[in-house]
1. Which is more than 21 Å from Gly17 (Cα to Cα), charged (D, E, K, R), modelled with pLDDT of 90 or more and outside any loop (DSSP other than H, G, I, E, B), of Arg48, Arg103?
2. Starting from segment 57-76, keep only residues that are within 21 Å of Lys137 (Cα to Cα), then list their pairs with residues that are surrounded by 12 or more Cβ atoms within 10 Å (Cβ to Cβ) and of a type in the set (S, T, N, Q) whose Cβ atoms are within a distance under 9 Å, requiring at least 6 positions of separation or different chains.
3. Which numbered condition in (1) closer than 20 Å to Leu60 by Cβ; (2) among the hydrophobic types (A, V, I, L, M, F, W, C); (3) buried (at least 17 other Cβ atoms within 10 Å of the Cβ) is the only one that Leu85 fails?
4. Take the conditions in a helix (DSSP H, G or I) and exposed (fewer than 13 other Cβ atoms within 10 Å of the Cβ) and apply them to Leu122. Does it pass?
5. Looking at segment 106-114, is at least one residue closer than 17 Å to Val50 by Cβ and either of a type in the set (D, E, K, R) or assigned to a helix (DSSP H, G or I) (or both)?
6. Looking at this structure, is Ala24 among the aliphatic types (A, V, I, L, M), at pLDDT 95 or above, closer than 23 Å to Val130 by Cβ and assigned to a helix (DSSP H, G or I)?
7. Is it fair to say Ala11 is of a type in the set (Gly, Ala, Ser), touching a Cys at 6+ places or on another chain (Cβ under 8 Å), surrounded by 13 or more Cβ atoms within 10 Å (Cβ to Cβ) and at pLDDT 95 or above?
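The values are calculated or read from the model by the stated rules, or taken from the named source; none is laboratory data. Bear in mind the structure is a predicted one, so any value in this text is a computation, not a measurement. A quick note on method: Cβ atoms are made from the backbone with ideal geometry, for glycine too, and the neighbour counts reach across all protein chains shown.
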Amino acid sequence: MPWIKFLHIVALVSWCGALLYLPALLMVSARSASGPPPFASSSPPMPRFVYNGLATPAALLAIVSGTLLFLVHGLAGSWLVLKLLAVTGMVMAHGACGWLVLRLEQGQPRGVAGGAVAAGVLAATAMLAVVTLVLAKPAW
């Protein structure tokens, strides 16, 4: 079953990358909302593509493969509860980015840059917590 762990790690790295990229992309899009569009007008909106096409599938794959790892290997312990709490922070940052994408699409760029910074800080903090807990697992 090492392929489940490999799939989980690949999906998690992809999701984390998207969660770090999305806030920066949202800030650029919000700041240029009053000026010329930052991307070609014939292409689909980039924040929507990154959110729907990259971040969400990677998040779902990471969560499903992590659940399979839990079920197959019978992992348990206090570190797992804390890790799942940190993953909840990542899910909250993911949801916040989706909400900010909607605000941009509705023509309400006010507050999007600040929200993107908050979502990025939450995502980075949660990611750091996940990595710390996973690496400290044997000591628990």
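1. Selected residue: Arg103, the only one of Arg48, Arg103 that is more than 21 Å from Gly17 (Cα to Cα), charged (D, E, K, R), modelled with pLDDT of 90 or more and outside any loop (DSSP other than H, G, I, E, B).
2. These pairs meet every condition: Ala62/Ser14.
3. (3)
4. Judged against the criteria, Leu122 is not a match.
5. Within segment 106-114, one or more residues are closer than 17 Å to Val50 by Cβ and either of a type in the set (D, E, K, R) or assigned to a helix (DSSP H, G or I) (or both).
6. Spelling it out, it is not the case that Ala24 is among the aliphatic types (A, V, I, L, M), at pLDDT 95 or above, closer than 23 Å to Val130 by Cβ and assigned to a helix (DSSP H, G or I).
7. No: the conditions fail for Ala11.
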